[in-house]
Amino acid sequence: MTDLEIPFEIDRKGHYRFFEILPGFLSYFLILIPLILSLISATVAVLFALFYLLIFFVQSIAYAIRALSGYITMKRQMRLDWNSLCEEIDEGKIITERNIERPKWHYKNLRLLDTRALDIRPKQLIHAVIIATVNESREILEPTIQSVLSTNFDSKRIILVIAYEGRAGKPTEDRVKQLIEVYGDNFLHAMAVKHPANIPGEIIGKGGNITYAGHKLANYVKQQKIDTTRVLVTTLDADNRPDKRYFAALSYLYSVVPKPLQSSYQPIAMFTNNIWDAATFMRIMATGNNLFYIVGTQRQHLSRNFSAHAQPLKSLIDMNFWSTRTVVEDGHQFWRSYFYFDGDYRVIPFSIPIYQDAVLNETYRRTLKTQFIQVRRWTYGASDIAYIADKGFFTKNNAPKADVLAKFYRTLYTHVSWATNALMIWYIGLVPPMFHPQSIAANSLPLIVSTIQRIDMVTLVALIYIALVTLPPRPARHKRHRSLFMLIQWLFLPFTSILFGSIAAFNSQTRLILKKYLSRFDITEKTAITAAGKKVTTVADPSRVS
């Protein structure tokens, strides 16, 4: 498939509009089902409620089990000596003099090296890091560069690209160039790439910025006569800080997976950089997101690109990098890649973190607004449902239709659940008694719901445990009682799950119904807090300074 781009807004008609409307229609309909069924029959309404709650209960248990499994996997992968494992892949054998932990899969990977279509060893790899920035302060951006340098990997095999927006003006340009001057000599090569404003066909967003930078990177690699199959590109936001094991683990994976060019590589997003400074609701969101991505490592068939991820430069060049027409270029990149490779494409999750900021702003009110805007952008991934249907069912392609249908269903189910689950759980047991106060079954429903929710608390305890043990050490500027707040905060989970889950998802899906598209990337404003406790805030998008 050659045409991978999303249609322009004016060209979205017919079946494309139908599938844009579909997730919102299903979400609103599902929310109304308890009311509709209660008008028809108390018994039917109660049976539906019990069936829904049973499914949710089973899913909760499965989620907690996968979270525990994912946490154990993360602990194991974090203690591995990835550089030594890479050296053994380079040699094609066990180095017996080394006394290191070797997982069973490492022996299997050594045996299968000769069967790979592309024989590239870790020592042959070069990493390119594209850091996207608009107007983030030096206090946000500089630690990201420092984290790349402090990894257990030779920085002279890393190309640094800082992709900045020309519309941000001279202050951003000066800041980026100063950082390149300070840190550039530590890398194989470093460049600052200014993304011009108002390129025809692009929306204002990260996709256009990193795509423009990607082309500049490709030109440099071509000039240096470097094989593009040997270059792995990682995209980072301004606040994304790779764990010290990241590049070694990524090198290992790329050298052992069966089809490295038809894969992308997804680390765990951990929103813990400033977790101790974040407000209560934002901490719940951040730790909840951490759990979600830990669980994701246990379900590879459902893995999708999110935020920081890596792909081979050759594959990116072949598909013209990322989409420049969507605000969710990270998740959408999965579908571009999937259809480009005719369905023979996969995301390889691995349990090494890239640490990110929880939402933090100068005031609590602005922080709440910023958090909502961020989650709304994530839930706008519902816009991919129409894209999947269009490319999968209405455009000639060689992707297996059964697989396309399964992925379409799973994506639709995920976004409808995102909008409805939190609301349904808290109100589904209240509706039948309101319409049928004389019905024994209807009046028993709230008690049943309460019992199921109490039993479900066991799974919440497991999740809270994982959230607590994955926190970074408490900064000295925070007193011990802050640790207690990390536990008490979970009392607000129902509120945050509705406001920053259901309502944000309904907002995105309603926009798609009404053609009120998100046609520009709403950048998350970021605030850094220094060791002395001083707040440093910059408005992330200079064109929206109030």
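Values in this text are rule-based calculations from the coordinates and carry no lab data. Here the structure is a predicted model, which is why all the values come from computation and not from measurement. Reconstructed Cβ throughout: ideal geometry from the backbone, glycine too, with neighbour counts over all protein chains shown.
For Ala505, what charge total do you get from the other residues with a beta carbon under 14 Å from its beta carbon, if Lys and Arg give +1 and Asp and Glu give -1? Spelling it out: positives minus negatives among the neighbours equals +2. Sorting Met319, Met191 from the fewest to the most surrounding beta carbons within 10 angstrom yields Met191, Met319. For a modelled paramagnetic label at Val469, 7 Å from Cα along Cα-to-Cβ, the residues of the stretch 57-90 in reach, with backbone nitrogen under 20 Å, are 61-81. Computed per residue of the chain from DSSP H runs no shorter than four, each worth -39500 (n - 2.57), the mean residue ellipticity at 222 nm is -17000 deg cm²/dmol. For a test of understanding, tell me how many lysine pairs in the stretch 179-297 have Cα atoms under 21 Å apart, given they are 8 or more places apart or on different chains. Pairs that pass both the separation and distance tests number 5. In degrees between 0 and 90, to the nearest 10, how far off the longest principal axis of the chain does helix 364-379 point, with axes built from Cα atoms? In the chain, helix 364-379 runs at an angle near 80 degrees to the longest axis.
Taking the Cα centre of the chain as origin and charging only Cβ (+1 Lys, Arg; -1 Asp, Glu), how large is the dipole, in debye to the nearest 20?
Working: 64 positive and 43 negative charges, 118 e Å.
Here the size comes out at about 560 debye.
Of the residues Arg79, Arg138, the one with the fewest other Cβ atoms within 10 Å heads the list, and the complete ranking is Arg79, Arg138.
Count charges around Ile72 for me, please; just the other residues with Cβ under 14 Å from its Cβ, Lys/Arg as +1, Asp/Glu as -1. Numbers along the way, then the final one.
Numbers: positive: Arg66, Lys75, Arg76, Arg79; negative: none.
Residues near Ile72 contribute +4 overall.
Helix 384-393 axis versus longest C-alpha principal axis of the chain: approximately 80°, rounded to the nearest ten. Output the relative contact order of the chain, whole-number percent, from Cα pairs under 8 angstrom with separation of 6+ residues. Normalised by residue count, the contact order of the chain is 23 percent.
Where does each of Ser150, Ser303 land when they are ranked from fewest to most other beta-carbon atoms within 10 angstrom? Numbers along the way, then the final one.
Details: Ser150 14, Ser303 19.
Exposure proxy ranking, most exposed first: Ser150, Ser303.
Take the Cα of Arg17, step 7 Å toward its Cβ, do the same at Ser444, and the gap between the two points is 4.9 nm.
In a shell of Cβ-Cβ distance under 13 Å around Glu87, excluding Glu87 itself, what net charge do Lys and Arg (+1) and Asp and Glu (-1) give?
Taking every other residue near Glu87 into account, the sum is -1.
A straight Cα-to-Cα reach below 17 Å connects Lys515 with the lysines Lys13, residues fewer than 8 places away in its own chain not being considered.
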